1. Contact list please: Cβ distance under 8 Å, first residue in segment 14-33 and in the same structural domain as V197 (by TED's automatic domain parsing) and on the phi > 0 side of the Ramachandran plot, second residue in a loop (DSSP other than H, G, I, E, B) and more than 12 Å from ligand 2 (Cβ to nearest atom), pairs at least six apart or on different chains.
2. Filter segment 43-83 down to residues that are more than 14 Å from ligand 1 (Cβ to nearest atom), of a type outside the set (A, V, I, L, M), surrounded by 13 or more Cβ atoms within 10 Å (Cβ to Cβ) and outside any loop (DSSP other than H, G, I, E, B), then give me how many there are.
3. Check A118 against each of (1) under 21 Å from I72 (Cβ atoms); (2) part of a loop (DSSP other than H, G, I, E, B) and name the one condition it does not meet.
4. I'd like to know if segment 125-135 contains one or more residues that are surrounded by fewer than 19 Cβ atoms within 10 Å (Cβ to Cβ) and either part of a helix (DSSP H, G or I) or among the hydrophobic types (A, V, I, L, M, F, W, C) (or both).
5. So which of N186, N194, N217 ends up being at pLDDT 95 or above and in the same structural domain as I128 (by TED's automatic domain parsing)?
6. Quick one: what pairs do we get from segment 68-85, first residue on the phi < 0 side of the Ramachandran plot, second part of a loop (DSSP other than H, G, I, E, B) and of a type outside the set (S, T, Y), C-beta under 6 Å, 6+ apart or different chains?
7. Do we have any residue at all in segment 28-39 that's in contact with a Cys (Cβ under 9 Å, 6 or more places away or on another chain) and either away from ligand 1 (no atom under 12 Å from the Cβ) or modelled with pLDDT under 95 (or both)?
8. Do you know which residues across segment 220-229 are part of a helix (DSSP H, G or I) and touching a strand residue (DSSP E or B) at 6+ places or on another chain (Cβ under 9 Å)?
Amino acid sequence: MAVEPHKRCGYVALVGRPNVGKSSLGNRLLQNDRLIVSATPGTTRDAVALPFRFKTRHGKQVDFRLIDTAGIKSQTKLASPVEYFSRLRSLDAIPRANIIFMVVDALDGVTQQDKAIAGEAVKENKPIVILVNKWDLVLKAFKEGDPATEMYKSERDYREKYERALFDRLFFTAGSPVIFVSAEANFEIDRMLNAAVKMNRQLDRSIPTAKLNALFNRLTQQTPPPIIGGRRFKIFYATQTGNRPFRIRIFCNREEKLPENYRRFLESHIVREFELEGCPIVFQLVGKEKHKERGKGGPLKTRPESRKSDSASETEFETLED
Ligand SMILES: Nc1nc2c(ncn2[C@@H]2O[C@H](COP(=O)(O)OP(=O)(O)OP(=O)(O)O)[C@@H](O)[C@H]2O)c(=O)[nH]1
Ligand SMILES: [Mg+2]
């Protein structure tokens with residue numbers, strides 16, 4: 001079957017600190033040298049969307065739009081108005097994207113600034129794939145017996161410790177997939193895209209209500225929510241109300257009494273149970289009073305969701321038949 005040339009596609013944004021290799025990875029994805037790469041941090045100034053097509057391992061073709069962004073510096077380290085506007089454009093790319101490729105450096109580990117950048121994507125309820133770039137430098141260090149590698153048994157040990165430290169720092173992401181890549185060595189580039197395609201499929205999943213409630217029953221029995229102000233948070237019933245981001249409405253006793261760490265606990269278990277790695281879940285809590293009002297036909301007020309809904313959600317990825 002002929003491939004339709006102008007199908008709409010999904011936006012994937014490469015975000016991260018300056019110099020971590022976003023544009024280099026972008027060039028690998030685009031299979032050309034269109035994006036400027038340089039050892040000087042702050043090379044990319046703008047956030048431009050560029051189309052490219054990827055053939056999955058199942059032979060399907062998927063159209064993407066890649067947004068390469070300027071490295072995001074801490075606000076206190078901005079040296080000029082140009083840097084200020086570059087930073088703004090990078091942050092603006094986050095709500096526009098369907099999926100965030102968050103790039104971190106394999107040698108530096110996850111820094112405070114990485115944490116802040118991931119926080120921006122989480123604030124927008126965006127699904128995140130974490131790319132640990134410059135993996136070739138780690139392999140080289142081990143090969144050459146670099147003294148910095150002495151505290152690790154092997155590359156594998158380094159990788160495991162890196163991943164553990166990463167989740168420690170980025171504990172607030174919803175179990176994002178982590179891929180160790182190298183733009184320089186063209187290593188695992190297809191895996192990045194397969195992860196994005198998979199995530200895009202996951203984002204359209206329906207969570208079966210019966211299974212969701214069974215999970216909540218099990219979780220609240222095994223690990224009851226903490227008692228706050230003399231009363232325990234109680235879940236009566238939960239149901240999915242939307243996708244991109246996943247929205248789950250929870251009918252409960254007191255909507256203001258769900259502590260953040262318990263919210264994360266519920267989110268991480270839903271993500272694990274329904275294989276939604278990296279996809280944030282937004283809970284809309286409906287307390288008993290509101291629940292009653294609703295029964296009377298009153299307004300159903302929910303918790304504020306993300307600042308914007310997934311702006312690109314109508315332009316889903318399109319899978320084109322060969
Ligand atoms: N060894 C190694 N070097 C890399 C890799 N990826 C990028 N680099 C180098 O890292 C430097 C920065 O690369 P860029 O792609 O410009 O990084 P960036 O994140 O786009 O940087 P900004 O646009 O300044 O934010 C360049 O010198 C690249 O050659 C990699 O996988 N391995
Ligand atoms: Mg760049």
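The values are calculated or read from the model by the stated rules, or taken from the named source; none is laboratory data. Everything quoted here is computed from the prediction, not taken from an experiment. Cβ coordinates were reconstructed from backbone atoms using ideal geometry, including for glycine residues, and neighbour counts include every protein chain displayed.
1. These pairs meet every condition: G21/K134; G21/E184.
2. The total comes to 8.
3. Against the list (1) under 21 Å from I72 (Cβ atoms); (2) part of a loop (DSSP other than H, G, I, E, B), A118 comes up short only on (2).
4. Looking through segment 125-135, none of the residues is surrounded by fewer than 19 Cβ atoms within 10 Å (Cβ to Cβ) and either part of a helix (DSSP H, G or I) or among the hydrophobic types (A, V, I, L, M, F, W, C) (or both).
5. Being at pLDDT 95 or above and in the same structural domain as I128 (by TED's automatic domain parsing) holds for just one of N186, N194, N217, which is N186.
6. The qualifying pairs are D68/L35; T69/A47; A70/R45; G71/R17; G71/P18; Y84/L78.
7. Looking through segment 28-39, none of the residues is in contact with a Cys (Cβ under 9 Å, 6 or more places away or on another chain) and either away from ligand 1 (no atom under 12 Å from the Cβ) or modelled with pLDDT under 95 (or both).
8. The answer is T220, and nothing else.
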